[in-house]
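To start, the structure under review is shown below, and the notes come after it.
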Amino acid sequence: MGISSDPPDDVITNILSRLPVKSLMQFRFVVKSWRNLIRDPHFINMHISQASENKIGFLILKHQSDSGDEGYYSLHSDGTFAEHARLESPFGESERNFEILGSCNGLLLLSPEESTFDHGMSFWNPSIRKIKRIPNSYATSALSDSCSHVVLGFGVLPQINDYRVVRILYHEKFNPLSSPKVPPVVEIYLLRTDSWRRIEVVISDFIINTVSKAFVNRCIHWVATRTRENQHDDFIMSFDMVSEVFREIKLPNCSLDDGALTGSLAVFRESLCLFARGSEAGNEVWETWVLKEEYGSVGSWSKQFIIDNNQGFSWPLGFMKHGEVLLGTIEGELSLYDPKILQVKKLNSNVDPDMLDIFPFMESLVLLDDGNNLIG
């Protein structure tokens, strides 16, 4: 009996799962069995896991064009911040401007810039040039003329391979001091069923963020505020994508300016992170807190480091893969703060300060068997 020279299937699968998306898209036409493998949801998740473990990622940065009449997004290396590519609008020449609303496993949630978050959204995977329009819901159609504030969250349930969007629509008559309140409408979109479903829940607090960039442990997080007479209490609102339950997370013991929270949420090493502007010895700083334990108690938070903000007004935008913090300024300058050596390094990049926004990104095969191919 001869000995086969072909490697075992599991070896081939392991090798392919470590290759770039561009190579995998080409290999689909080399061997039929590879084509079936590459489009398999389990392989797609395996490819995502390999990229995450190897920290192969990018950052998406929003810019204003030189002419000033339109914006665009660029893709940068998460290690060197070198520009990798420019993301052209998937909507074509008729809608060159677009807005990125979320990013998860290489899938972007976006809308044409002239539309609002309550309609016209799409999923887009630029790595494989696939786009899928998200249908409008009955709630957004009914509330389109009376909606004053829209909140979004985007995440994935890898166990069932389902990408979901939660949307909260505040009525223009919502008043946190009134009783009874006009509660916002909450609905969730499931990619697996390509449909929206309303969630019967009453929210009496106001979520400040319009878009969440903090999807951790199957939960989406936003900064929220509760108003009682003349008192405002800030906290973090979380939404569990599995149980579809909202929960409150108390803030850490920050040295807040004027007792009010000025800050943002991020993800740091797969944990929820809070950047909070405060003061230390009379100096303005950014405190960096990470939620280490179970949600709920103040003691679950751990202060990681502070960023001195005396050299100019700046604010943290997010983390690089090696733990540096990307900072933006009111002048549109970008810099990196390294907490290990306590140093700030300016980057050779300037953007419109009103458009300073970043999203994490990784190449993936998500949406390979769904959506429409882009032409050109």
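The values are calculated or read from the model by the stated rules, or taken from the named source; none is laboratory data. Everything numeric here is computed off the predicted structure, so don't read it as measured data. A quick note on method: Cβ atoms are made from the backbone with ideal geometry, for glycine too, and the neighbour counts reach across all protein chains shown.
Out of all the residues in the range 145-157, which are assigned to a loop (DSSP other than H, G, I, E, B) and touching a Lys or Arg at 6+ places or on another chain (Cβ under 9 Å)? Result: Ser146, single match.
Do we find that Leu169 is modelled with pLDDT of 85 or more, more than 16 Å from the chain's Cα centre (by Cα) and part of a strand (DSSP E or B) in this structure? So Leu169 fits the description; yes. Restricted to the range 199-235, and to residues there that are more than 26 Å from Ser111 (Cα to Cα) and β-branched (Val, Ile, Thr), the residue that is surrounded by the most Cβ atoms within 10 Å (Cβ to Cβ) is Thr225.
Residues that are surrounded by 15 or more Cβ atoms within 10 Å (Cβ to Cβ) and of a type outside the set (A, V, I, L, M) were ranked within the range 28-39; the one that is nearest to Asn125 (Cα to Cα) is Arg28. Taken as a whole, the condition of being aliphatic (A, V, I, L, M) and part of a strand (DSSP E or B) does not apply to Val201. Scanning the range 187-203 for residues that are over 14 Å from Asn136 (Cα atoms), of a type in the set (A, V, I, L, M) and modelled with pLDDT of 90 or more yields a single hit, Ile199. If you go through the range 218-249 and pick out every residue that is assigned to a loop (DSSP other than H, G, I, E, B), of a type outside the set (A, V, I, L, M, F, W, C) and modelled with pLDDT of 90 or more, you end up with 3.
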